[in-house]
Amino acid sequence: MSAALVAEELVAQARQATGLSRFDDDSFREGLQVLVADLNRNGRPEAAQERLRGSIVAALAARLKTTAYLEQRPELLTRPVERPVFVFGVPRTGTTLLSNLLAADPARRSPLTWEIDEPVPPPTPDTLYSDPRALARLEMERKMLAARPEMGKYYRNSAIYPNECMFFIMHDFKALIWESRGLLPNYRDWLFQDADLGSTYRYHKRFLQLLQADVRGTWNLKMPSHALWLPDLLRVYPDARLVWTHRDPYTATGSFCSLLSLSHQAFMGQVDAQWLGRNCSFQAAEHAKRIMDARDKLGKDRIVDVHYGELMRDPIGTMRRLYVALGDPFTVAAESGMRAWLADNPQEKFGRHEYKLAQYGLSVDQLAPLFERYLSRYEVEREG
């Protein structure tokens, strides 16, 4: 049995590792306490426990470093984050593809994987794609894909591609990435029912203000679970532009289960397929429900719809229509960047991601009641 995690010990380890002591806010503490208590309910192999401990300490250390840098350059906190674009939806509905295409537009600014992981110091215009930290990550990525090429089937990512906001809002410990690392019903229920994400989006903005210190542009931001907290998001970003990706929810749910099975294996040492089936289907349906609830209050036109089938068949035409809806010019440079990205990233570059609902104790008949409201409102293409 691995040793229990203790929240204050984890905080102390992060302080020792960084030589820093000041957090901008203590808003992360409640989530950390709830998470640790739920994690300690279940034992896991020592290697998995140490991986988990390391990820918590790394998140705390990143927040300490962010705080320290912004204290050195307080003027960054006066710079606005104007009209950011947020892409969200039920998990596994094409948010990554859409985000990568938006990022190919040189007028846009996306949080890249390497700078999310190592934000201090932030990049300059000359080093955004060539910083030694980025190059080191690209080399690690090359070696990982050479050793395990199947990993590319699950998630199309790179050190110099945009990555999810999840990987920095996790510093506030109100994020589904933590919930994916075990059987954590108490943390999940707290997150869905009781957590206040206001502090999370305030931290989100601070993090962007750090990253945009020297490299500006209209922010392109992606995370499926922005869907769950749109009122909190809009309180911090009232001029945000909202984009909802749609895909067959039955296909998306199966893919979601399959993706999270990788997290189970890494952080639990085993996969609980039955839990994933119950949990992912609940979460997928909740994503759709909360967007519909928000749209009912905000008005239909406040959220732009993008359908996965259309994006796959006609990516450039779909992006052109999206730009019209966003009120942005679809420039020659934007189209050229998108075509180049598509040419370099064909759909099955790393093989086909295969999964079946039955692997997780699910069927279309079981899921149908969860998505009845969604499918009655939106004409979503079925896949299989």
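Screening G182 with (1) assigned to a helix (DSSP H, G or I); (2) within 27 Å of A62 (Cβ to Cβ) gives one miss only, at (1). Free of Cβ contacts under 8 Å to residues at least 40 places away in the same chain and closer than 30 Å to R79 by Cα: does that describe Y201? Criteria met by Y201.
Could you tell me whether L138 is surrounded by fewer than 18 Cβ atoms within 10 Å (Cβ to Cβ) and not basic (K, R)? Answer is yes for this residue. Listed by position, the helices (runs of 4 or more DSSP H) inside region 44-131 whose residues that are of a type in the set (G, A, S) and over 30 Å from G317 (Cβ atoms) number at least 2 are 46-72. Restricted to region 131-164, and to residues there that are among the acidic types (D, E) and at pLDDT 85 or above, the residue that is farthest from L97 (Cα to Cα) is D131.
Residues in region 316-327 that are out of contact with any Lys or Arg (no Cβ under 9 Å at 6 or more places or on another chain) and surrounded by 13 or more Cβ atoms within 10 Å (Cβ to Cβ): T318, M319, R320, R321, L322, Y323.
Cβ-Cβ contacts under 7 Å between residues 6 or more apart (or on different chains), taken from a first residue in region 49-72 that is small (G, A, S) to a second residue that is in a helix (DSSP H, G or I) and at pLDDT 95 or above, are listed as A59/M170; A59/H171; A61/A14; A61/A17; A61/T18; A62/H171. Within region 1-22, the set of residues being under 17 Å from F173 (Cβ atoms), outside any helix (DSSP H, G or I) and in contact (Cβ under 8 Å) with a residue 40 or more places away in the chain comprises just one member, L5. Would it be correct to say that R321 is farther than 21 Å from L184 by Cβ and part of a helix (DSSP H, G or I)? Yes; evaluated as a whole, the condition is true for this residue.
R339 passes every criterion in (1) of a type outside the set (S, T, N, Q); (2) touching a Ser or Thr at 6+ places or on another chain (Cβ under 9 Å); (3) surrounded by fewer than 17 Cβ atoms within 10 Å (Cβ to Cβ) apart from (2). When you scan region 245-254, do you find a residue that is of a type in the set (D, E, K, R), under 14 Å from the mean Cα position of the chain (by Cα), buried (at least 24 other Cβ atoms within 10 Å of the Cβ) and closer than 23 Å to D293 by Cα, even just one? Within region 245-254, none of the residues are of a type in the set (D, E, K, R), under 14 Å from the mean Cα position of the chain (by Cα), buried (at least 24 other Cβ atoms within 10 Å of the Cβ) and closer than 23 Å to D293 by Cα.
The values are calculated or read from the model by the stated rules, or taken from the named source; none is laboratory data. Note that this is a predicted model, so its numbers are computed, not measured. Please note: Cβ atoms are built from the backbone with ideal geometry, for glycine as well, and neighbour counts cover all protein chains shown.
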